[in-house]
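To start, the structure itself, in structure tokens.
The values are calculated or read from the model by the stated rules, or taken from the named source; none is laboratory data. Source: prediction; values computed, not measured. Here the Cβ is made from the backbone with ideal geometry for all residues, glycine too, and neighbour counts use every protein chain on show.
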């Protein structure tokens, strides 16, 4: 009978200990969450900055190719990279990623619809550049390049702090 009486008490103690461990674990994880979130936000800022640096390199390579009257297949390749990058561009600005070493203006988050529309315009401009380059028409490619540059500049004026 002594064993039967202590079994419920043992179960109760195990449940209490399990609950205590669970609560301690949750509290510990909650303490880590802000650090993890800050790290994730820093990662996305670094990711978008690296991507934009790559886009700048693409534009510079395209400019040099056009000035040299070079092979338009390079322009087609670089502009396709731009299309792909800018299709996912808004996702690189999640809520809360407006702190740290970022040049993004608050309007990226406060006027999200316009920011997404600006990214869409960049996708369209890069697509037009890609199509012109793929066609082999140097004049159309140069025109599309100037238009893409204007689209970049408009977005920077609205959404990038200096």
Tell me, please, whether a residue that is part of a loop (DSSP other than H, G, I, E, B), closer than 24 Å to residue 75 by Cα and over 19 Å from the mean Cα position of the chain (by Cα) can be found in the stretch 140-155.
no
Can you name every residue in the stretch 50-84 that is crowded, with 16+ Cβ neighbours inside 10 Å and over 17 Å from residue 144 (Cβ atoms)?
51, 52
Report yes if residue 96 is assigned to a loop (DSSP other than H, G, I, E, B) and at positive phi, otherwise no.
yes
If a residue has to be touching a helix residue (DSSP H, G or I) at 6+ places or on another chain (Cβ under 7 Å) and either within 26 Å of residue 72 (Cβ to Cβ) or at pLDDT below 95 (or both) to count, how many in the stretch 113-139 make the cut?
15
Tally, over the stretch 82-112, of residues that are in contact with a helix residue (DSSP H, G or I) (Cβ under 6 Å, 6 or more places away or on another chain) and farther than 20 Å from residue 161 by Cα:
4
